[in-house]
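The values are calculated or read from the model by the stated rules, or taken from the named source; none is laboratory data. Just so it is clear, the model here is predicted, and its values are computed rather than measured. As a convention, Cβ positions derive from the backbone with ideal geometry for all residues, glycine included, and neighbour counts pool all protein chains shown. The area values use the complete protein model at the heavy-atom level, side chains included, leaving out ligands, DNA and RNA. Shrake-Rupley method; radii C 1.70, N 1.55, O 1.52, S 1.80 Å.
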Amino acid sequence: MQTKLRVAIIAHSLYPIAEPYAGGLEMITQLLCDELVARGHDVLLYAHSESQTQAQLIPFMTRAEFETLVYDNEQDSVGMSREELYQYLVYQQAIRDIISRDTRGEIDIVHNHSLHHIPMTMGQAFGARSFTTFHTPIFPQLRLGLLTLQHGTTTQFTAVSRHQQRLFDEFVPAHVVYNGIDVESFDYYTGPIDDEVYLWYGRICPEKGTHLAMEYCKAAGKRLVIAGPKSNQDYYDERVAPLLAADKKRQEDKGSALLFDYVGHLSKAQINDYLCQATAMLFTSTWDEPYGLTLAESLACGTPVIGFDAGASSEIITPSTGIIVAKEDRAAFVQAFANIKSISRTACRQRAEQFCSVTAMVDGYVALYQETLNDNPTYAPEQQALSVL
């Protein structure tokens, strides 16, 4: 049995919390809200007006509303850009609405996913019932709030990995609640892969290391499917396109098969199909990603991973589900091609179900919510028992 909770969730304001997702943060926010509602909790989502959610949507101030509210040059008087002023007023209005509801006894927990310092600092009004989740590196706006809160706060923080927790530990302590994906929405394949081929997917940009995956496959003579948007055209032109062109020329000169197949920006369903057919997914991020959703998605499809030890990758990928090597260790990565076929695809899917699911993520958050309310009986919600779904 569990207690019915009343949770206010604050999203970031730039993009709708809806498919097609602008990024992983939008997906995580939607999954969290919808799963909480499915479990019988009351959820308010403060988000972009075009968001789609099973929660009750409280739309942020629109840009049109903002323009009618402020003077043409008002940002100059407060030393902000116009965009900064918009963000400031959006979150200030949202927090004021939550405070008003809280004074009427309508809110138990406030959970901030906005990546902005205003909800972090104004969250002091709710004490320990206010949570902020860290999804990103320490951007300037976050640092501004952290520099204030490190001197003392009763609000709480969560990180999406232990790597992320260590990053923010300089400022404030944080609980770890790993991100979760909708594992059940992914088809998976646990049988043998007869046609050896590898998949790299994600944004094509320097920090994702697309060209490294290509170079390692070229060195090992392995076929590679590359999928994703060209989010950095200069990088694509300078590091990826030449490798594609050289591969094409080699095919024409020698009559051999192509090693590389760039298939563009694909849908989730298409990525699912490619993962199920891949011997392994290649993860070559050269920056320390706070989590790494492609890792979880690959495991959900039963697909092992060869990847760099970057960010949280070694927390998600275990020795039974993939091979993790040091960043840009060419020899170790190439050697991994010879060993990856021994990884059980069934073990990969099981890891996803047990560790990477939205159920596991929401279990973690609800446990923290409930522990907080149990420790603060003044704020305990109405004791309406629900069966755990």
Counting only heavy atoms of protein chains, what accessible area per residue, in Å², does the range 280-367 have with a probe of 1.4 Å?
32 Å²
Rounded to the nearest percent, how much of the accessible area of the range 223-273 (1.4 Å probe, protein heavy atoms only) is carbon and sulfur?
49 percent
Mean-position separation - Cα centroids, the range 314-365 and the range 277-298, in angstrom:
9 Å
Solvent-accessible ranking of ASP194, ASP97, largest area first, probe 1.4 Å:
ASP194, ASP97
Out of the DSSP beta bridges found with both residues in the chain, what percent are antiparallel (nearest 5)?
5 percent
Out of the total accessible area of the range 136-181 (probe 1.4 Å, heavy atoms of protein only), what percent is carbon and sulfur?
56 percent
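Indicate the gyration tensor shape class of the range 47-101 (rounded, prolate or oblate), computed on the Cα atoms with a ≥ b ≥ c the square roots of the eigenvalues: a/c under 1.5 is rounded; otherwise a/b larger than b/c is prolate and the rest oblate.
Prolate, since a/c reaches 1.5 and a/b exceeds b/c.
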Under 21 Å from the Cα of LYS249, which lysines turn up, not counting those fewer than eight places away in the same chain?
LYS218, LYS222
Could you state how much accessible area PHE66 has, in square angstrom rounded to the nearest 10, with a 1.4 Å probe and all protein chains kept in place?
0 Å²
Rounded to the nearest 10 Å², what accessible area does ARG63 have for a 1.4 Å probe in the complete protein model?
110 Å²
Heavy-atom accessible area per residue of the range 1-145, all protein chains kept, 1.4 Å probe, expressed in Å², is 42 Å²
About its Cα centre, how strong a charge dipole does the range 94-162 have in debye, to the nearest 20, once Lys and Arg get +1 and Asp and Glu get -1 at the Cβ?
140 debye
Putting +1 on Lys and Arg Cβ atoms and -1 on Asp and Glu Cβ atoms, find which of SER161, ASN339, ALA22 reaches farthest to the positive end of the dipole of the chain.
ASN339
Could you tell me the accessible area of TRP287 in Å² (1.4 Å probe, neighbours in place), rounded to the nearest ten?
80 Å²
Within the accessible area of the range 35-89, what % is carbon and sulfur when the probe is 1.4 Å and the other protein chains stay in place?
48 percent
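Dividing the Cα radius of gyration by the Kirkwood radius, what Rg/Rh value follows for the chain?
Dividing the radius of gyration by the Kirkwood radius yields 1.01.
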Cα gyration tensor of the range 291-355, axes a ≥ b ≥ c as square roots of the eigenvalues: rounded (a/c below 1.5), prolate (a/b > b/c) or oblate?
oblate
Between ARG143 and VAL176, the FRET efficiency computed from the C-beta separation at R0 = 25 Å comes out, to the nearest 0.05, as 0.75
Counting Lys and Arg as +1 and Asp and Glu as -1, each charge on the Cβ, what is the dipole of the chain about the Cα centre in debye, to the nearest 20?
800 debye
Could you list the residues of the range 148-191 with an amide nitrogen less than 11 Å from a label point located 7 Å from the Cα of ALA367 in the Cα-to-C-beta direction?
176-178
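Taking the Cα centre of the range 142-296 as origin, sum charge times position over the Cβ atoms of Lys and Arg (+1) and Asp and Glu (-1), and report the length of that vector in debye to the nearest 20.
For the range 142-296, the charge dipole is close to 300 debye.
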Which of the peptides 25-33, 223-231 is most tightly packed, and how do the rest follow, going by the mean number of other Cβ atoms within 10 Å of each residue?
25-33, 223-231
Dipole of the range 1-142, positive direction: furthest Cα of GLN93, LEU36, ILE10, with charges on the beta-carbon
LEU36
Shape of the range 76-165 from its Cα gyration tensor (a ≥ b ≥ c, root eigenvalues): rounded if a/c is under 1.5, otherwise prolate when a/b > b/c, or oblate?
oblate
As an exercise, use a Förster radius of 56 Å and the Cβ-Cβ distance of MET80 and ALA331 to find the FRET efficiency, rounded to the nearest 0.05.
0.65
Quick one: accessible area per residue over the range 158-251, 1.4 Å probe, rounded to a whole number of Å²?
46 Å²
Förster radius 25 Å - calculated FRET efficiency between ARG203 and GLN270 (Cβ-Cβ, nearest 0.05):
0.95
Among MET122, VAL263, VAL197, whose Cα lies farthest out toward the positive end of the dipole of the chain, if unit charges sit on the beta carbon of Lys, Arg (+1) and Asp, Glu (-1)?
VAL197
